[in-house]
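Everything on this sheet refers to the single structure shown next.
Rule-based calculations on the coordinates, nothing more; no lab input. These numbers were taken from a predicted model, which means no experiment stands behind them. With ideal geometry, Cβ positions are generated from the backbone for all residues, glycine too; neighbour counts draw on all protein chains shown.
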Amino acid sequence: MAVSVLMVCLGNICRSPLAEAALRRHAAQLGVNATVDSAGTGGWHIGDPPDPRACEVAMRLGGLDITGYRGRQLSLNDFNAFDYIVAMDQSNLDNIIAMRPAVSNARLSMLLDHVPGQEGRAVADPYYGDIADFELCWRVVDAAVLHFAQMLAEQNGTRC
Ligand code: 4NP
């Protein structure tokens, strides 16, 4: 059975689509059967493609096309549909915890909790920054997601 992971940020157009794309690739490369999605705690960008700067760095630095992704908002159903819900920063995590229904098996964390020495740190929001902030965001997210995918490979087994 596939392990399921929901990456969550505020708008679902910058950080969490990058994390979604990175996890798809790292999981595939590690042989982890993962269902991956992303969502925002806010609803401003429902139905929107990712920010063009996120699309650009995903392609240029990661070779990944995320232009077909579309924004959606975190919903109550996600708390039972996903094994892991991974927030990009503390504010996202606080919003997720505030929404969590009484019955939910989803394991909640922040992405950088999965990187030794980076526990509790935020993936900085690049939305109000420039392209250099998006480049840094991609590098931070991609490296952190590799750690997360390695944990999945150890805890949930592989297809191989
Ligand atoms: P994200 O960045 O949470 O990484 O997708 C943001 C995108 C949009 C907004 C805020 C953050 N916004 O306020 O519209």
**Asked** Arranged by the count of other C-beta atoms within 10 angstrom, fewest first, what order do C55, C9 take?
**Response** C55, C9
**Complete:** Where a ≥ b ≥ c are root eigenvalues of the Cα gyration tensor, a/c under 1.5 meaning rounded, otherwise prolate if a/b exceeds b/c and oblate otherwise, the stretch 1-104 counts as oblate
**Complete:** Low-density loop trypsin sites (Lys or Arg not before Pro), the stretch 73-160, at most 15 other Cβ within 10 Å, DSSP non-H/G/I/E/B, are R159
**Whole-angstrom gap from the stretch 9-42 to the stretch 101-154, using each part's C-alpha centre** = 10 Å
**Request:** Quote to one decimal, in nm, the extra length available between E119 and A102 on full extension: 0.36 nm per residue of separation minus the C-alpha distance between them.
**Result:** 3.5 nm
